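The structure under discussion appears below in the form of structure tokens.
The values are calculated or read from the model by the stated rules, or taken from the named source; none is laboratory data. Keep in mind that this is a model prediction, so the values were computed, not measured. Don't worry about glycine lacking a Cβ; one is built from the backbone with ideal geometry, like all the others, and counts go over all protein chains shown. The protein model used for the area step is the full one, side chains on, heavy atoms only, and it has no ligands, DNA or RNA in it. Shrake-Rupley method; radii C 1.70, N 1.55, O 1.52, S 1.80 Å.
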Amino acid sequence: MSTRIRPQPGIMEIALYQGGSSGIAGRDDVVKLSSNENPFGAGDLARAAYARSGHDLHRYPSTDHASLRAAIAAQFGLDAGRIICGAGSDEIISFLCQAYAGPRDEVLYSEHGFLMYRISALAAGATPVVAPERDRTTDVDALLAAAGKRTRLVFIANPNNPTGTMIPMEEIIRLAEGLPKQALLVLDGAYAEYAEAYDGGAALVEARENVVMTRTFSKLYGLGGLRIGWGYGPQHVLDVLNRVRGPFNLSNTQLAVAEAALSDAAHVSRSLTENARWRDWLTDRLNALGVPTDRSHANFVLARFRDPAQAEACNAALLADGLIVRQVSSYGLPECLRITVGDESACRRVAHVIGAFMEGQG
Ligand SMILES: *Cc1c(COP(=O)(O)O)cnc(C)c1O
């Protein structure tokens, strides 16, 4: 069949995103560890705000998000005027690509970088460019070598998903300083809160004109289903992004719940403490079982197997026990499984099943 109705170049190169699976037919004791969600869910304050927001369904939401931006600014010590909120940080990534990259432009990211960078670059008509990593870690020299006169955006997640590794601030500064003048560096801080003594790059955003930070309510705050994220950048970038953003991109519910979640210090601190404890426990267990696992700075670990077949077999063993983890071949890591750090019982179940599996491997 021939038709002249065709999408923009690049669109059909986008592979449809496969989310972490969420169920196993015929089982109700399933634990989902495939999407880096908070095992404790949303906090009580967020749930209460969600219920209250039902009274406002007929009202259009705020267009400038002033109240949520003020709350974010107060919480993180930022300038509210340079914050932009979106439907997940995915939407901020998409705004950046739409505004700064088009045909003949390049969007650079690292080998095992987040899939949305490629998707949003292609959707904008730009060319995705990948720089290799070193030992599953962002390699600043490789990124600098891959950046050229067509590079408009450079994305790095720190800590990175799905590797869990991160690079120190000196390296990020070296990258920001070394990039070509027309390139904007985007620091994806989806997991920034989980890393110790790390501001997600906020201070660097304030010190420079070529750095933007993105953050989310989907991970630590347990609000992945509600879709709220934000970005922080220099004024000239905000002036651009605010033109691309739809006036009603966030609902009353999203705005109110995000603000409540920010104020729930007890839920945040419990989530952080439990995550650090069980993440490190699981990492040590996996290493002891002969499954090498890097020290993670996020809320998941990346377990490495001998080869893709062994990873596949272990995934099947986990599924047979009702544990859903993430295969990461689409991230170029077919020999690995990414496992979200669940609560204590989930982590113990994972270690138990992988232990039994490895014993059978001889
Ligand atoms: C989960 C994640 C995001 C956040 O996505 P949202 O759209 O905010 O839910 C962004 N970047 C990375 C690397 C992630 O893993």
List the pairs whose first member sits in the stretch 172-185 and is on the phi < 0 side of the Ramachandran plot, whose second member is of a type outside the set (A, V, I, L, M) and not in a loop (DSSP other than H, G, I, E, B), and whose Cβ atoms are under 8 Å apart, counting only residues at least 6 apart or on separate chains?
-> L179/T151; P180/T151; Q182/T151; Q182/R152; A183/T151; A183/R152; L184/Y100; L184/R152
In the stretch 190-206, anything buried (at least 24 other Cβ atoms within 10 Å of the Cβ) and over 19 Å from W278 (Cβ atoms) is listed as A190, A192, G201, V205
Select from the stretch 267-282 the residues that are farther than 15 Å from E193 by Cβ and surrounded by fewer than 22 Cβ atoms within 10 Å (Cβ to Cβ) and list them in ascending order.
-> R277, D280, W281
Would you point out the residue of the stretch 207-240, among those that are of a type in the set (K, R) and buried (at least 24 other Cβ atoms within 10 Å of the Cβ), that is farthest from the ligand (Cβ to nearest atom)?
-> R215
Within the stretch 1-18, is even one residue within 15 Å of the ligand (Cβ to nearest atom), open to solvent by 100 Å² or more (accessible area, probe 1.4 Å) and outside the structural domain of G225 (by TED's automatic domain parsing)?
-> yes
Considering the stretch 241-254 alone, what residues qualify as being open to solvent by 10 Å² or more (accessible area, probe 1.4 Å) and either more than 15 Å from the ligand (Cβ to nearest atom) or part of a loop (DSSP other than H, G, I, E, B) (or both)?
-> N242, R243, V244, R245, G246, P247, F248, N249, S251, N252, T253
Is there any pair with a first residue in the stretch 211-231 that is assigned by TED's automatic domain parsing to the domain that holds D90 and a second that is of a type in the set (F, W, Y) and more than 10 Å from the ligand (Cβ to nearest atom) whose Cβ atoms are under 6 Å apart and which are 6 or more apart or on different chains, and what are they?
-> M213/Y232
